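Student: Got a structure for you, questions after.
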Number of protein chains: 4
Amino acid sequence: MGWGDSGLAISLGVANFHKTFAMMSRQPALIERYCRPDSHDVGCWAVTEPDHGSDSLTVTEKHFSDPAIKANCIARKDGDFYVINGQKSAWVSNGTIATVAALFCTIDGDEGFKGGGVAVVDLTLPGVTKGKPLNKLGQRALNQGEIFFDNVRIPAAYMAVGKDRYAAIVESILTGANASMGTTFVGVARAAYEMALDYAKQRVQGGVPIIEHQSVRSRLFKMFTQVEAARSLVRRVSYYNATNPPLIQYSIASKTFATNTAFEVSSAALQIFGGVGLTKEFPIEKLMRDARASMIEDGCNELLGLVGGSRL
Amino acid sequence: MGWGDSGLAISLGVANFHKTFAMMSRQPALIERYCRPDSHDVGCWAVTEPDHGSDSLTVTEKHFSDPAIKANCIARKDGDFYVINGQKSAWVSNGTIATVAALFCTIDGDEGFKGGGVAVVDLTLPGVTKGKPLNKLGQRALNQGEIFFDNVRIPAAYMAVGKDRYAAIVESILTGANASMGTTFVGVARAAYEMALDYAKQRVQGGVPIIEHQSVRSRLFKMFTQVEAARSLVRRVSYYNATNPPLIQYSIASKTFATNTAFEVSSAALQIFGGVGLTKEFPIEKLMRDARASMIEDGCNELLGLVGGSRL
Amino acid sequence: MGWGDSGLAISLGVANFHKTFAMMSRQPALIERYCRPDSHDVGCWAVTEPDHGSDSLTVTEKHFSDPAIKANCIARKDGDFYVINGQKSAWVSNGTIATVAALFCTIDGDEGFKGGGVAVVDLTLPGVTKGKPLNKLGQRALNQGEIFFDNVRIPAAYMAVGKDRYAAIVESILTGANASMGTTFVGVARAAYEMALDYAKQRVQGGVPIIEHQSVRSRLFKMFTQVEAARSLVRRVSYYNATNPPLIQYSIASKTFATNTAFEVSSAALQIFGGVGLTKEFPIEKLMRDARASMIEDGCNELLGLVGGSRL
Amino acid sequence: MGWGDSGLAISLGVANFHKTFAMMSRQPALIERYCRPDSHDVGCWAVTEPDHGSDSLTVTEKHFSDPAIKANCIARKDGDFYVINGQKSAWVSNGTIATVAALFCTIDGDEGFKGGGVAVVDLTLPGVTKGKPLNKLGQRALNQGEIFFDNVRIPAAYMAVGKDRYAAIVESILTGANASMGTTFVGVARAAYEMALDYAKQRVQGGVPIIEHQSVRSRLFKMFTQVEAARSLVRRVSYYNATNPPLIQYSIASKTFATNTAFEVSSAALQIFGGVGLTKEFPIEKLMRDARASMIEDGCNELLGLVGGSRL
């Protein structure tokens, strides 16, 4: 899918995200409503907040349980309901088109981000408003935008994951999401390499196809090697995680290596196109913009490296 | 100037380019027309062609004098005139807004690109048409676009540089242009570093400004070091070239190092901004796009390295 | 094996190299003599020459069949014998301890390196002399040294591979050798990473084990990722080559990626040890020296990239 | 000097190190004894300890003043004397050949490393013993080794720098030493580049000097550029520090950039030599070993980056 359009791949991946939590809640009402085959709901992953990007994902770091760090979106228990107030950041994937959210929010208390929960929230409820779609560098096919909550009431049973399991679920979701980013962006890297290879066999400079120049041929072979290394890693991690209890350090290795590779390879591919690579005539500059975004998405790569490093 | 907007800096630099050649021609008519203080002409640098990017600049390579390589734009002598036919590529800086061109064209014959000349061409003459402004990744403030010539007649005296001096002039112009690219893109690198430093002192994650995290601080110091190294090199080369016969290998070192640094530093800066760096809220993603283009502009960096390598 | 000692691994790998060619010759006498289970012969791979390192391996380049390039070691047909004269370079693995050589030599004629053959040569024959073991940076456990031939006569039947199959055999041997280098040097990379990880959990600076400092943890995670990517690639290539007609571009990708990784990871590991890493107290500086040599061994990585690039 | 032998350059630089502190003490007896023109004393810089490498130099970090971190070498006031006990690490430059030390030691108390002093210590005094010269990867011309102190008594006046000025002096010395490392290792980088350039013009492969192959030429030009960038930075920093109050962040930029460049360039140069570069036939592998050590010497580059980063 990433070979085609990474933004669309992510959008489709997230569109069913709420179903995972509906199932996890074991509430027949939730399952009935959201998991029927004819459901047309569009889901989204609402986790980061304006003041908390990395903060909200780094389960291995001390500040994840620091009560002094105040969340931007809080759910407060009120009898058989939770009342939600605050907002999620402009980075919520499918944010402005979703009809239901898998909302990762902090439950009122003094446990910091660790004391959170995952609620399935109907985004047509009173009190929900949305921002504008984000205007951004890459993955423009992926809708992203803010969601605001003003005294939004949901049945307590819709809090699919409570404080007790929250940290473990965040880790598990990050493990799955990172592995999935790995497979998507190997596709981007491969698309960029293949485009550059085709172009290098056709474009003539110095009287010969440019692939015959050592400088170009060396770079293409390096790109080929990087793509094959990333594919091999991503496949091995996917296979491992599918047949064992998934390990976050492997997923992070897969995600960071594949996204860094996608950026390096797409930039190297663009360089082989030369000037025309900077224009809209070929989609190579789009691949580079998509890849650049992926190095920050679902945890910036440096931060993920610190989380993964805690498990070595 | 590069600190502000690199595309605009280049556009302004090129706007007077034709004056250099008017002076060089020693023709009073040309000098009188284009070099008066009240002249409002806008110049452009018309050198690359659709089929010849690198081909047209690599004075040190064999194929520069290969008659089998056919140019896209040819000037043919016809009595006291030259008749120009063909086109220049979409990369002509100021191409669609210029009123006069410093046209680097091939003079009919069998000497390949080496047998070229530089003409000062009034772009309001009959037979001149222009393409659309190029829609491109970076340096969008810099107008670029194609110019077409259909039997355009100019007085022979307007061919300011003939075959005898052409290769030397191309080398000299490339030497000057590359040094100038060096100074411009050190400005871009510095702007990106300064923006990231300011942001890292303000943005709080984990309860402290992110510059206090080792990961961020290390990266900022690396960026600082890269910027200072590039500044030092660019200054030393500028000073050398201003006080000695300029050497192309130094100019190329300056250009390639500064533009590569601008790209690496602006991408590293963007990473420090995280998600918000991908949006239009800060100009950091624009700096990265501008820098990316500079690695191809005025000769792609790998090719320039081969030209420079011939002079070691 | 590479995890333990890469030089020894290569020495043992090469020790049976002549048996491959004895089998290939289909000569009962050769097979009987060299392939019996109780044979104590030590083999060697004699291919590079003082004036021809890369020249002798680059089957995809034009100069491989350039008769103007003169080999340092020539076999001349003389009735039922070949007479060998000249020398092989100091890089012959097991060169000074071998009792039999798989000799890749040029057969008298005008086909350049392409017109070569592989002979199984008894190194106790009259006319064979040897140089001193090479004193070198890394892989010191691997014996290497020159072999000289002065009118050495071998039965014509001992020329196991003739001109017709020579280029194909060189390619096939390079394909096998490169894949094997890949597996060996992933072992080196892994050994270096594991040593650094152990040390970082024990060494205390700033009052805590250094792995708790972000700078060290980030670097360890990067090393982990590089090792896992290299392992994944090397395994996939080995599996592919074992179950399909082997492809040289995959073997080269495996070799160049694994050896570059081994060098980067061992140097990064050394940095984590700090000063003590430069001493003989830990074998980390030895791993770096071994890895450095591997980037040149069996074809320098840049050159292999050009060969591999010809098959994209 | 670094162009010739970096280890020797550092040894000579350190040999007069004690004179700086003798002058600083303003004690006529010390000045008279150590600063006379006919003095034959050999000095050394004794700062790091077995348990404290980075700890002892990072003036900008919190743990520099952490009393819980215990030094390995302590000076205790005893009337008009200091009594010194403990040891300095094997990394003391000129350690086993010095006759006098500039001893950076911790003065008994509860201020951690911040509460230190610099004493001029006669190494022929009773109680001083020395270890063996260190057997190490690079800079083998530079003697380094441990010094042990067992109740060594020195006049109190020989403590040239006391607690009040200690942190400032460590910073100032580090500022000077780092700038000096910068100039030395630019010399190493330049020597490696020049050697590779000469070799590439002579070594023939594929029928032409290897500099004519694009792959080799590109790499040489990159090395040239890196060397020129490092030279420019180092000169500008030296000039700045000589004409202004020296700034540690500039010295660190100079040291880290120059030493990283020396390692990259010497490794790239070695690659151009191919196999012969791994032998003792050319000193290129020695330059790489010397350069590798410099990335740890006088503060490992990552740690220096954190110190420098605190001053941005």
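Student: For chain A, what does -39500 (n - 2.57) per DSSP helix run (n ≥ 4), summed and divided by total residues, give at 222 nm, in deg cm²/dmol to the nearest 500? Could you put the intermediate results ahead of the total?
Tutor: Working: 8 runs with 142 residues, N = 312.
The helix contribution divided over chain A gives -15500 deg cm²/dmol.
Student: Over 23 Å between Cα atoms, which of D:222/D:255; C:132/D:132; C:70/C:163; B:255/C:62 qualify? Kindly include the intermediate steps, with their values, before the conclusion.
Tutor: Values: D:222/D:255 20 Å; C:132/D:132 32 Å; C:70/C:163 16 Å; B:255/C:62 34 Å.
Checking Cα-Cα distances, C:132/D:132; B:255/C:62 exceed 23 Å.
Student: Sticking with this structure for a sec: Amide H neighbours of residue C:100 under 5 Å, counting only residues 5+ apart in sequence or on other chains, H built in-plane at 1.01 Å?
Tutor: C:42, C:44, C:123
Student: Taking the alpha-carbon centroid of each part, what is the distance from segment C:165-241 to segment C:247-312 in angstrom?
Tutor: Result: 9 Å between the Cα centres.
Student: Whole number in Å², please: accessible area per residue of segment B:44-154, 1.4 Å probe, ligands, DNA and RNA not counted.
Tutor: Details: 4230 Å² over 111 residues.
Accessible area per residue: 38 Å².
Student: Let me ask something else. Estimate the FRET efficiency between residue D:239 and residue B:204 by the formula 1/(1 + (r/R0)^6), using the beta-carbon distance for r and 35 Å for R0, to the nearest 0.05.
Tutor: Details: r = 39 Å, r/R0 = 1.10.
In this case the efficiency is close to 0.35.
Student: Decide, for segment D:58-105, between rounded, prolate and oblate: order the square roots of the alpha carbon gyration tensor eigenvalues as a ≥ b ≥ c, take rounded if a/c falls under 1.5, and otherwise choose prolate if a/b is larger than b/c, else oblate.
Tutor: Working: a/c = 2.30, a/b = 1.20, b/c = 1.92.
Cα axes put segment D:58-105 in the oblate bin.
Student: Next up: For labels at residue B:148 and residue C:212 in the simple 7 Å Cα→Cβ model, what's the distance in nm?
Tutor: 7.2
Student: On to the next question. May I ask you to rank A:286, A:70 by accessible area, largest first, using a 1.4 Å probe over the protein chains only?
Tutor: Values: A:286 55, A:70 135 Å².
Sorted by accessible area, descending: A:70, A:286.
Student: I've got another one for you. Given a 10 angstrom Cα cut-off, can you work out which residue in C:17, C:104, C:113 is the most mobile in a GNM of chain C?
Tutor: C:17
Student: Mind running the shape call on segment C:2-138? Use the C-alpha gyration tensor, a ≥ b ≥ c as the square roots of the eigenvalues: rounded below 1.5 for a/c, prolate if a/b tops b/c, oblate otherwise. Write down the numbers at each step before the final one.
Tutor: Details: a/c = 1.68, a/b = 1.16, b/c = 1.44.
It is oblate, given that a/c is not under 1.5 and a/b is not larger than b/c.
Student: Charges only on Cβ, +1 for Lys and Arg, -1 for Asp and Glu: so what's the dipole of the protein assembly as shown about the Cα centre, in debye to the nearest 20? Please list the in-between numbers first.
Tutor: Values: 128 positive and 120 negative charges, 0 e Å.
Rounded to the nearest 20 debye, it is 0 debye.
Student: Other chains near C:285-294: what is the mean number of their Cβ atoms within 10 Å of each residue's Cβ? Can you show the working numbers first?
Tutor: Numbers: counts 6, 1, 0, 4, 6, 0, 0, 9, 5, 0.
The mean count of partner-chain Cβ atoms within 10 Å per residue comes to 3.
Student: For A:180, D:254, give the ranking by accessible area with the largest first, probe 1.4 Å.
Tutor: Working: A:180 60, D:254 0 Å².
Ranked list, largest accessible area first: A:180, D:254.
Student: For a quick check, take a GNM of chain D with Cα springs below 10 Å and name the residue from D:116, D:162, D:206 with the largest mean-square fluctuation.
Tutor: So, out of D:116, D:162, D:206, the one fluctuating most is D:206.
Student: If you rotate chain A onto chain D, whose Cβ in A ends up lying nearest the axis, and how many Å away is it?
Tutor: A:214, 2
Student: So what is the relative contact order of segment C:211-312, in percent, for Cα pairs below 8 Å that sit 6 or more residues apart? Intermediate values should be presented prior to the final figure.
Tutor: Details: 72 pairs, mean separation 29.3, N = 102.
Once normalised by length, the contact order is 29 percent.
Student: Right, another one. Just grab the label-to-label distance for residue D:23 and residue C:65, each label 7 Å out from Cα along the Cβ direction, in nm (one decimal).
Tutor: Here the modelled spin labels are 7.2 nm apart.
Student: Next up: On C-alpha positions alone, give me the angle between the axis of helix D:163-202 and the longest principal axis of chain D, in degrees, nearest 10.
Tutor: In chain D, helix D:163-202 runs at an angle near 20 degrees to the longest axis.
Student: Could you give me the ³J(HN,Hα) list for segment A:213-218, computed from phi with Karplus coefficients 6.51, -1.76, 1.60 and θ = phi - 60°, whole Hz, x at Gly and Pro?
Tutor: 6, 3, 4, 6, 4, 4
Student: Can I ask one more? Which order do D:171, A:212 take when ranked by solvent-accessible area (1.4 Å probe, heavy atoms of all protein chains), largest first? Don't jump to the answer; show the numbers that get you there.
Tutor: Numbers: D:171 40, A:212 110 Å².
So the residues, ranked largest to smallest area, are A:212, D:171.
Student: Okay, next question. Test of understanding: in a Gaussian network model of chain D with alpha carbons linked when under 10 Å, which of D:207, D:275, D:43 would top the mean-square fluctuation ranking?
Tutor: Judging by the Gaussian network model, the answer is D:207.
Student: Here is a follow-up. With each pseudo-label sitting 7 Å past Cα toward Cβ, what's the residue D:80-residue A:194 distance in nm, one decimal?
Tutor: 8.8
Student: Is the protein assembly as shown best put as rounded, prolate or oblate by its Cα gyration tensor, with a ≥ b ≥ c the root eigenvalues, rounded for a/c under 1.5, and otherwise prolate when a/b is larger than b/c, oblate when not?
Tutor: Details: a/c = 1.22, a/b = 1.02, b/c = 1.20.
Rounded, since a/c falls under 1.5.
Student: Something else about it: Residue by residue, what Karplus-based ³J(HN,Hα) values in Hz, rounded to whole numbers, does segment B:58-63 have, using 6.51, -1.76 and 1.60 with θ = phi - 60° and x for Gly and Pro?
Tutor: 7, 4, 8, 9, 4, 5
Student: What size of dipole, in debye to the nearest 20, comes out for chain A about its Cα centre when the only charges are +1 on Lys and Arg C-beta atoms and -1 on Asp and Glu C-beta atoms?
Tutor: Details: 32 positive and 30 negative charges, 147 e Å.
Approximately 700 debye in magnitude.
Student: Would you kindly work out, in nm and rounded to one decimal, the distances from the label point of residue A:163 to those of the same position in each other copy, ordered shortest first, with label points 7 Å along Cα-to-Cβ?
Tutor: Between copies, matching label points for residue A:163 lie 4.6, 8.6, 8.8 nm apart.
Student: Then there's this: For the interface of D with B, what's the total buried accessible surface in square angstrom, probe 1.4 angstrom, rounded to the nearest hundred? If you can, show how the numbers build up before the last one.
Tutor: Numbers: alone 14670 and 14690 Å², together 26640 Å².
Using a 1.4 Å probe, the pair buries roughly 2700 Å².
Student: Another question, then. Under 5 Å between amide hydrogens, which residues at least 5 positions from residue D:152 or on another chain qualify, with H placed 1.01 Å from N in the peptide plane?
Tutor: D:84
Student: How high is the relative contact order of chain C, in percent, with contacts defined as C-alpha pairs under 8 Å that are six or more residues apart?
Tutor: 19
Student: Moving to a separate point now. At what distance in angstrom do the alpha carbon centres of segment D:142-159 and segment C:50-85 lie from each other?
Tutor: 65
Student: Moving on to the next point. First compute the accessible area of the protein assembly as shown with a 1.4 Å probe, then give the percent of it belonging to carbon and sulfur atoms. Show your work: numbers first, answer last.
Tutor: Values: 25230 of 46370 Å².
So the carbon and sulfur contribution to the accessible surface is 54 percent.
Student: Could you give each residue of segment D:25-34 its phi-based ³J(HN,Hα) in whole Hz, using Karplus coefficients 6.51, -1.76, 1.60 with θ = phi - 60°, and x for Gly or Pro?
Tutor: Coupling constants for segment D:25-34: 5, 6, 8, x, 4, 5, 4, 4, 6, 9 Hz.
Student: Please list, in chain and number order, the residues 5+ apart from residue D:160 or on another chain whose amide H is under 5 Å from its amide H, with Hs placed from the backbone.
Tutor: So residue D:160 has HN proximity to D:118, D:119, D:120.
The values are calculated or read from the model by the stated rules, or taken from the named source; none is laboratory data. Since the model is a prediction, treat every value here as computed from it, not as a measurement. Positions of Cβ are generated from backbone atoms using ideal geometry, with glycine treated the same way; all protein chains shown enter the neighbour counts. The protein model used for the area step is the full one, side chains on, heavy atoms only, and it has no ligands, DNA or RNA in it. Shrake-Rupley method; radii C 1.70, N 1.55, O 1.52, S 1.80 Å.
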